[in-house]
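Heads up, the thing below is written out as structure tokens.
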Amino acid sequence: MKKAVVLLSGGMDSTTVLAMARSQGYVCYALSVNYGQRHHAELAAAKHAAHALGAQQHKLVDIDLTGFGGSSLTDPNIAVAQQPTEGIPMTYVPARNTIMLALALAWAEVLQSQDIFIGVNAVDYSGYPDCRPDYIEAFERMANLATKAAIEGSALKVHAPLLNFSKAEIIRHGHALGVDFTSTVSCYQADELGRACGVCDACRLRRAGFDAAGVDDTTVYAS
């Protein structure tokens, strides 16, 4: 059977992607990264999603990006914005998707998998440069230049099935595939129980997506 490495943050997008990969017949190996993120509760959500959606294995890798900082998700001295901002927001973590995709690439080569899934989105997103189609295409080209597997004829494909979806479309797809969105964590500053703040960019996009999708929002908020 086909194997796929699925990057799984514990948020609604990556959890939907895991459900989609499984529905396409892949044996899924879920990969989560503890990079020192402020919203640490998402890792517990990722563990729950991997189990609920039948991942063959769930691996958690520790990469401490707090030593570099540069983001409100990895530096406690930089506040998470409470209002919409212009340009690339402070929640952008330098090189995060590149690091995560590189880890997924390494595991995929060990597993002899030719498929990596990632839940990036270029429609309802927060301005991150590493969520664009050109970036995904460039990483795939690099992966097929840099690996023993590709040189020997096993080309790798980076799947980003949500790339052109609105948040409402993501919710509808996930809902149809049985995703339990209540157990996902999107909030950039969720508390230790995974309860959302309700005011950050991620919370606003999530709430608007449920409204547009016509699906009940069962997100648990801290207040």
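The one condition from (1) surrounded by fewer than 17 Cβ atoms within 10 Å (Cβ to Cβ); (2) in contact (Cβ under 8 Å) with a residue 60 or more places away in the chain that V179 does not meet is (1). Filtering region 78-92 for residues that are outside any loop (DSSP other than H, G, I, E, B) and at negative phi leaves an empty set. Remark: pairs (first residue in region 96-112, touching a residue at least 60 places away in the same chain (Cβ under 8 Å); second residue aromatic (F, W, Y) and crowded, with 17+ Cβ neighbours inside 10 Å; Cβ separation under 6 Å; 6+ apart in sequence or on different chains) = L101/F139. Restricted to region 83-95, and to residues there that are of a type outside the set (A, V, I, L, M, F, W, C) and under 21 Å from M12 (Cβ atoms), the residue that is surrounded by the most Cβ atoms within 10 Å (Cβ to Cβ) is T91.
For region 113-142, which positions are of a type outside the set (V, I, T), free of Cβ contacts under 8 Å to residues at least 40 places away in the same chain and assigned to a helix (DSSP H, G or I)? Listed by number, the residues that qualify are D130, C131, P133, D134, Y135, E137, A138, E140, R141, M142. Do we find a residue being within 30 Å of L111 (Cβ to Cβ) and not basic (K, R) anywhere in region 195-215? There is no residue in region 195-215 that is within 30 Å of L111 (Cβ to Cβ) and not basic (K, R).
Applying a threshold of 6 Å to beta carbon distances and a minimum spacing of six or more residues, or different chains, the list of pairs starting in region 186-212 at a residue that is crowded, with 17+ Cβ neighbours inside 10 Å and ending at one that is basic (K, R) and part of a loop (DSSP other than H, G, I, E, B) reads Q189/R38. I116: crowded, with 18+ Cβ neighbours inside 10 Å and at pLDDT 95 or above, yes or no? Here the answer is yes, as I116 does meet what is asked. All of (1) over 19 Å from A143 (Cβ atoms); (2) of a type in the set (A, V, I, L, M); (3) crowded, with 24+ Cβ neighbours inside 10 Å; (4) out of contact with any Lys or Arg (no Cβ under 8 Å at 6 or more places or on another chain) hold for A21 with one exception: (1). Restricting region 57-73 to residues that are in a loop (DSSP other than H, G, I, E, B) and touching a helix residue (DSSP H, G or I) at 6+ places or on another chain (Cβ under 9 Å), which is surrounded by the fewest Cβ atoms within 10 Å (Cβ to Cβ)? Per the stated criteria, the residue is I63. Would you confirm, using the coordinates I've provided, whether L31 is part of a helix (DSSP H, G or I) and modelled with pLDDT of 95 or more? Answer is no for this residue.
The values are calculated or read from the model by the stated rules, or taken from the named source; none is laboratory data. A quick note: this is a predicted structure, and the numbers were derived from the prediction, not measured. Every residue, glycine as well, gets a Cβ built from its backbone with ideal geometry; the counts of neighbours run over all protein chains shown.
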